[in-house]
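Single-structure report; data block below.
FYI, it's all coordinate maths here, none of it is from the lab. Predicted model only: the values in this text are computed from it and were never measured. Because the Cβ atoms are built from the backbone with ideal geometry, glycine has one as well, and the counts that use them run over all protein chains shown.
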Ligand SMILES: C[S@@+](CC[C@H](N)C(=O)[O-])C[C@H]1O[C@@H](n2cnc3c(N)ncnc32)[C@H](O)[C@@H]1O
C-alpha cells in the first residue's frame, strides 16, 4: 500500500512523470489517504520526493525492459512480489503480446484481487496469479503449476521484496530464474546496510523501515552492490548492470539538477546467457 501511494504521490508533481500509475491510489484502498498524510508528515519535502520518485523509477525500469524484450519476441513477464503493481491492468499495449504472471504471498494476492473486483477492474485473460511464500516454497514449483514455459525466455521483476527475505530464499529464487531459457532477464531491488547510506538515504530508510516494522514485515537482508552482484554471479547470471541514483537521474530525469536520490535502495539487472555444452 505504501509504495502504491508513493506512485500516486509522484503524479502530484508537475508532469512529465516517470510512471503514470493511474490506478495506484485507488488500488491502495481505504488506508491510502492516511498513508499519504503520514509520509507527508514523517518525511522532509526532499526525502519525500526522493522516495516517491525512486518508487516510480523502480516500477518504470522493469516496464521498459519488458517493452524492449517484447519487441525482440519475449512473450513472458513474471512479476515477483507483485503487491499492487498495476502493469497488467494498465499496459494493454504490451498485454496483447505477452503473458504475465503475478507471483505473491497468498494474502497479498487475495487482498489485491478483492480490491480489483471492488474497483470493477477485470484481470486480463493472459494474466495468471501464482501464490507463493518465497521462504517455504520454490519458485520453480509455483511457476510450473502456473503454466510458465521454462523453455522460452522471460523477464522477471522483483521490486521491493528482497529486503524482507532471508538470503537462502533470495538465492534459491534467483537460482530458479538463472535456470530459465537463455536471454531471460531479471531486475530486482536490494536495500543497502546503514553503514553505506548518505544522510538523505538514512532519513528515507529510517522512515520506511518504521512503516515496514509497524506492518510486521521487518527488513531482513541488506546488501552492498558488490555483494548482490556476487550472489547473482554465484547462481549463474551474466551481463550484470547496476542502476542507482546516478543512472536514475541520467535515464529518467536528464538535465534536472534538482533531482536527488538517497540510494538506500538500488536496482540491479542481470541476464541468463546461453550455456556452453
Ligand atoms: C513492498 S511490497 C512491493 C510490492 C510491489 N512489487 C511494489 O513495488 O510496489 C512487498 C511485496 O513482497 C511480498 N512478499 C514479502 N514477503 C514475501 C514472501 N515471503 N513470499 C512471497 N511474497 C512476499 C509482499 O506480499 C508484497 O507484495
Protection proxy ranking, peptides 247-255, 101-109, 181-189, average beta carbon neighbours within 10 Å, highest first: 181-189, 101-109, 247-255
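Which whole-number percent of Cα pairs in the range 1-82 have a distance greater than 17 Å? Present the calculation step by step, with values, prior to reporting the outcome.
Numbers: 1689 of 3321 pairs.
Of all Cα-Cα pairs in the range 1-82, 51 percent lie more than 17 Å apart.
Return the calculated 222 nm mean residue ellipticity for the chain, to the nearest 500 deg cm²/dmol, obtained by summing -39500 (n - 2.57) across DSSP H runs with n ≥ 4 and dividing by the residue count. Walk me through the numbers before you get to the answer.
Values: 12 runs with 126 residues, N = 277.
After summing the helix terms and dividing by the residues of the chain, the value is -13500 deg cm²/dmol.
According to the Cα gyration tensor, what semi-axes, each the square root of 5 times an eigenvalue, does the equivalent ellipsoid of the range 67-116 have, listed from largest to smallest in whole Å? Before the final figure, lay out the partial values.
Numbers: eigenvalues 103, 26, 10 Å².
Semi-axes, largest first: 23, 11, 7 Å.
I'd like the FRET efficiency for residue 20 and residue 230, computed as 1/(1 + (r/R0)^6) with the beta carbon distance as r and R0 of 25 Å, rounded to 0.05. The partial results should precede the final answer.
Values: r = 36 Å, r/R0 = 1.44.
The formula returns an efficiency of 0.10 here.
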Per-q log10 I(q)/I(0), the range 6-152, q = 0.15 Å⁻¹ (Debye; single scatterer per alpha-carbon; no solvent): -0.85
All-pairs alpha carbon distance profile, the range 60-271, 10 Å steps from 0, percent: 8, 33, 38, 20, 2
The range 19-72 versus the range 134-169: alpha-carbon centroid distance in Å: 23 Å
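Can you classify the range 214-277 as rounded, prolate or oblate using the Cα gyration tensor, where a ≥ b ≥ c are the square roots of its eigenvalues, rounded means a/c under 1.5, and otherwise it's prolate if a/b beats b/c and oblate if not? It would help to have the intermediate numbers written out before the result.
Values: a/c = 3.06, a/b = 1.30, b/c = 2.36.
It is oblate, given that a/c is not under 1.5 and a/b is not larger than b/c.
Between residue 118 and residue 67, 0.36 nm times their residue separation minus their Cα-Cα distance comes to what? Write down the numbers at each step before the final one.
Working: separation 51, 0.36 × 51 = 18.36 nm, distance 2.92 nm.
Here the answer is 15.4 nm.
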Top of 92, 176, 52 by mean-square fluctuation, Gaussian network on the chain, Cα under 10 Å: 92
